[in-house]
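Take a look at the structure below.
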Protein chains: 2
Amino acid sequence: MNFNSNNSDFNKTLAPWIGRTEKLINIHISDVFLHNNIQVTKEQWIVLKILYEDNDNLIQNELAFITNRNKASLTRLINVMEKNKLVARIPSKKDSRKNLIQITETGKLLFLKMKPLMLNTLEMLQNGITEDEKEVFINVMTKIQTNLKNHTI
Amino acid sequence: MNFNSNNSDFNKTLAPWIGRTEKLINIHISDVFLHNNIQVTKEQWIVLKILYEDNDNLIQNELAFITNRNKASLTRLINVMEKNKLVARIPSKKDSRKNLIQITETGKLLFLKMKPLMLNTLEMLQNGITEDEKEVFINVMTKIQTNLKNHTI
DNA sequence: TTAACAGAGTTGCATATGCAACTAATAAAT
DNA sequence: ATTTATTAGTTGCATATGCAACTCTGTTAA
């Protein structure tokens, strides 16, 4: 959704703002990583964050669910991260269909290196935005997410 | 940016809300297209919209700029759309380096079929959101975009 | 107990995307 | 006018993603 353009009916809608802003944020974050010689994508960053801060040893399906990813997509994301020694697949002993995804020491170190960069960036984005505005913003986002849940096809 | 998770410093930031909501919107839009047997991606939709409603016969670089896309990415997007007869590359007579991208009749028809579906979806997303909230929301998005522009690396 | 079913993960096929190196063509500089 | 620089677009290489079909394993039913 990348178009908050000039004319037409679409101008009164919020979604294009989300799409365009998200894209600009992504570009910026890629730049930050690039300029700090960090060979991790935004998607990999999210997985590292979840494993490090929330819950290590998640199975792939859980990680896919948490990150709103297709399980096929997650398979390949983990492939790359495993190749780069950021995470490891640990076969579950209880159920041999499952893999537990574990963050490696390399992954932890890299996450700790990235974390302040991310926090700075996310903080910078909010310059000049008041607490009241943040509250409304989050409230609107919540309503949009609720609307989506209620209109699943 | 897909994590508005439970604990940690990242909770107070807005960006994760944008990322997650954007992703959910994208999933929904894909579903809408899929269930209406429309073989067009969201990215292609945006290009069709710009060509139909804003400005036909844009050159690739302009289209890339407008859509915040890398020109290499745009090349391939146009490749697919040209293959599917949605747009055509018209070599410029004034400057043979340039291609003018023109929406085809097929593209126009498809756009007109999609437009009400998109408008309905974008409208549905805003259920229960007041005009005041919308105004704050757009204001916040604008501030974020401004912050990004002022912090280009 | 064996057959039918459900869950976890992978792979084929297709799209989208970015960076960097490249070609071709136009514009600018000496 | 010829060299140099810039611009438009493409391509190689790499990542990310979704759907559908598939394998393998575990669970449920007959």
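The numbers here are math on the coordinates, done by the rules we state, and not lab data. Model, not experiment: these values are computed from the prediction. Ideal geometry is used to build each Cβ from the backbone, glycine not excepted, and the neighbour counts take in all protein chains shown.
The conditions of being more than 8 Å from chain B (Cβ to nearest Cβ) and on the phi < 0 side of the Ramachandran plot are not met by A:Gln126. Within the range A:119-136, the set of residues being in a helix (DSSP H, G or I) and buried (at least 17 other Cβ atoms within 10 Å of the Cβ) comprises A:Thr121, A:Leu122, A:Glu133, A:Lys134, A:Val136.
Helices (runs of 4 or more DSSP H) wholly in the range A:27-113 with at least 1 residues that are surrounded by 14 or more Cβ atoms within 10 Å (Cβ to Cβ) and free of Cβ contacts under 8 Å to residues at least 12 places away in the same chain - which ones? Let's see the steps before the verdict.
Working: elements: A:42-49, A:60-66, A:71-83.
Once the helices (runs of 4 or more DSSP H) in the range A:27-113 are filtered for at least 1 residues that are surrounded by 14 or more Cβ atoms within 10 Å (Cβ to Cβ) and free of Cβ contacts under 8 Å to residues at least 12 places away in the same chain, what remains is A:60-66, A:71-83.
Candidates are the residues of the range A:92-103 that are in contact with a strand residue (DSSP E or B) (Cβ under 7 Å, 6 or more places away or on another chain) and either more than 9 Å from DNA strand C (Cβ to nearest atom) or among the β-branched types (Val, Ile, Thr) (or both); the one that is nearest to A:Lys49 (Cα to Cα) is A:Ile103. Would you check if there is a residue in the range B:15-23 being small (Gly, Ala, Ser), over 16 Å from the mean Cα position of the chain (by Cα), within 16 Å of DNA strand D (Cβ to nearest atom) and within 14 Å of chain A (Cβ to nearest Cβ)? Yes, some residue in the range B:15-23 is small (Gly, Ala, Ser), over 16 Å from the mean Cα position of the chain (by Cα), within 16 Å of DNA strand D (Cβ to nearest atom) and within 14 Å of chain A (Cβ to nearest Cβ).
Any residue at all in the range A:38-56 that is of a type in the set (Val, Ile, Thr), touching a Leu at 6+ places or on another chain (Cβ under 8 Å) and within 12 Å of DNA strand C (Cβ to nearest atom)? Looking through the range A:38-56, none of the residues is of a type in the set (Val, Ile, Thr), touching a Leu at 6+ places or on another chain (Cβ under 8 Å) and within 12 Å of DNA strand C (Cβ to nearest atom). If the condition is being more than 21 Å from the chain's Cα centre (by Cα) and either in contact (Cβ under 8 Å) with a residue 24 or more places away in the chain or more than 7 Å from every other protein chain (Cβ to nearest Cβ) (or both), then the range B:136-153 contributes B:Asn150, B:Thr152. A:Asn70 - would you say it is within 13 Å of DNA strand C (Cβ to nearest atom) and within 10 Å of chain B (Cβ to nearest Cβ)? It is true that A:Asn70 is within 13 Å of DNA strand C (Cβ to nearest atom) and within 10 Å of chain B (Cβ to nearest Cβ). The set of residues in the range B:33-53 being within 11 Å of DNA strand D (Cβ to nearest atom) and not charged (D, E, K, R) consists of B:Phe33, B:Leu34, B:His35, B:Thr41. Among the residues of the range A:107-121, not one is aliphatic (A, V, I, L, M) and touching a strand residue (DSSP E or B) at 6+ places or on another chain (Cβ under 7 Å). Within the range A:54-87, the only residue that satisfies the criterion of being more than 8 Å from DNA strand D (Cβ to nearest atom) and of a type in the set (Lys, Arg) is A:Lys85.
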